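Peer 1: Starting off with a structure, shown below.
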């Protein structure tokens, strides 16, 4: 049986997640609870009308920054965009919510999630990377920073390769800031083509516990 969260700020052991990767349901999206979840290798993901679901999937997709593959075709596109950090977080997360996802109906980035991550952004935990052309936002991504790990949440592109270029610039900045890896959460072929790999939940939680020991300065993001 999947545990239901109480008002207390605690989570079950993610190692005891269901076969699908669900750790618990219920609770709230307060900053304290959400950041506690990320530090435990757990993230919220649910659809409108459903209870909040907390996940720790097995396998997990991660990208070690040293494994990132900047393909020649993408390298040629970099000069076509201006990349900025944390200048349009609210716009980015809303564009991600509207972006089509294949056969997926609707978006898991429901209004309550948007509000929660906007608060995390105001507190310096959630960040956005934006791709502009002629001062118009055409792509980007957002995620949460925990220790030396960046937890990627979602991306969008209105122009071909806009989000990929934003991602490539993010990787270079994270290397400079001495981050170690990006938590990509759910395996996708696109991210695998960029160097991401599947690891076991046990391996992921061990890596995360090590990289949480170094809380990097949040001021690095003030570019």
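Rule-based calculations on the coordinates, nothing more; no lab input. Since the structure is predicted, the reported quantities are computational estimates derived from the model, not experimental observations. Every residue, glycine as well, gets a Cβ built from its backbone with ideal geometry; the counts of neighbours run over all protein chains shown.
Peer 1: Once you have the Cα-Cα distance between residue 75 and residue 112, take 0.36 nm times their residue separation minus that, and quote the gain in nm to one decimal. Intermediate results must be reported in sequence, preceding the final value.
Peer 2: Details: separation 37, 0.36 × 37 = 13.32 nm, distance 3.66 nm.
Length difference between fully extended and current span is 9.7 nm.
Peer 1: Can I ask one more? Once R0 is set to 22 Å, what does the formula 1/(1 + (r/R0)^6) return for the Cβ-Cβ distance between residue 99 and residue 35, expressed as a FRET efficiency to the nearest 0.05? Each step should come with its number before you reach the end.
Peer 2: Details: r = 25 Å, r/R0 = 1.15.
With a Förster radius of 22 Å, E is 0.30.
Peer 1: Would you mind estimating how fast region 77-142 diffuses translationally, via Stokes-Einstein at 20 °C and 1.002 mPa s with the Kirkwood radius over Cα pairs, in µm²/s?
Peer 2: Details: Rh = 12.6 Å.
Reported coefficient: 170 µm²/s.
Peer 1: Quick one: Kirkwood hydrodynamic radius for region 4-58, alpha-carbon pairs, angstrom, one decimal? Display every interim value, and only then the final one.
Peer 2: Details: mean 1/r = 0.0905 Å⁻¹.
For region 4-58, the Kirkwood estimate is 11.1 Å.
Peer 1: Can you give me the angle between helix 89-98 and the longest principal axis of the chain, using Cα atoms only, in degrees from 0 to 90, rounded to the nearest 10?
Peer 2: Helix 89-98 and the main axis of the chain meet at about 80 degrees.
Peer 1: What percentage of all Cα-Cα pairs in region 61-221 are separated by more than 19 Å?
Peer 2: 55 percent
Peer 1: Further, regarding this structure: Compute the helix-to-body angle for 201-211: its Cα long axis versus the longest principal axis of the chain, expressed 0 to 90° and rounded to tens.
Peer 2: 70 degrees
Peer 1: Right, something else. Under a crude label model (7 Å from the Cα following the beta-carbon direction), how far is residue 82 from residue 20 in nanometres?
Peer 2: With each label point 7 Å from Cα toward Cβ, the separation is 4.5 nm.
Peer 1: Using 0.36 nm times the number of residues separating residue 221 and residue 202, minus their current alpha carbon distance, what extension gain do you get?
Peer 2: Here the answer is 3.8 nm.
Peer 1: Further, regarding this structure: Calculate, for residue 134 and residue 8, the FRET efficiency according to 1/(1 + (r/R0)^6) with r their C-beta to C-beta distance and R0 45 Å; round to the nearest 0.05. Mind dumping the intermediate values first?
Peer 2: On the way: r = 50 Å, r/R0 = 1.12.
Efficiency at R0 = 45 Å is approximately 0.35.
Peer 1: Which length gain, in nm to one decimal place, applies between residue 119 and residue 189 when the Cα-Cα distance is subtracted from 0.36 nm times their residue separation? Walk me through the numbers on the way to the answer.
Peer 2: Numbers: separation 70, 0.36 × 70 = 25.20 nm, distance 3.14 nm.
In short, 22.1 nm is gained.
Peer 1: Round to the nearest 10 and give me the degree value, 0 to 90, for the angle of helix 111-122's Cα axis relative to the longest principal axis of the chain.
Peer 2: 70 degrees
Peer 1: Separation between the residue 177 and residue 160 pseudo-spin-labels, each 7 Å from Cα along Cα→Cβ, expressed in nm?
Peer 2: About 3.1 nm, to one decimal.
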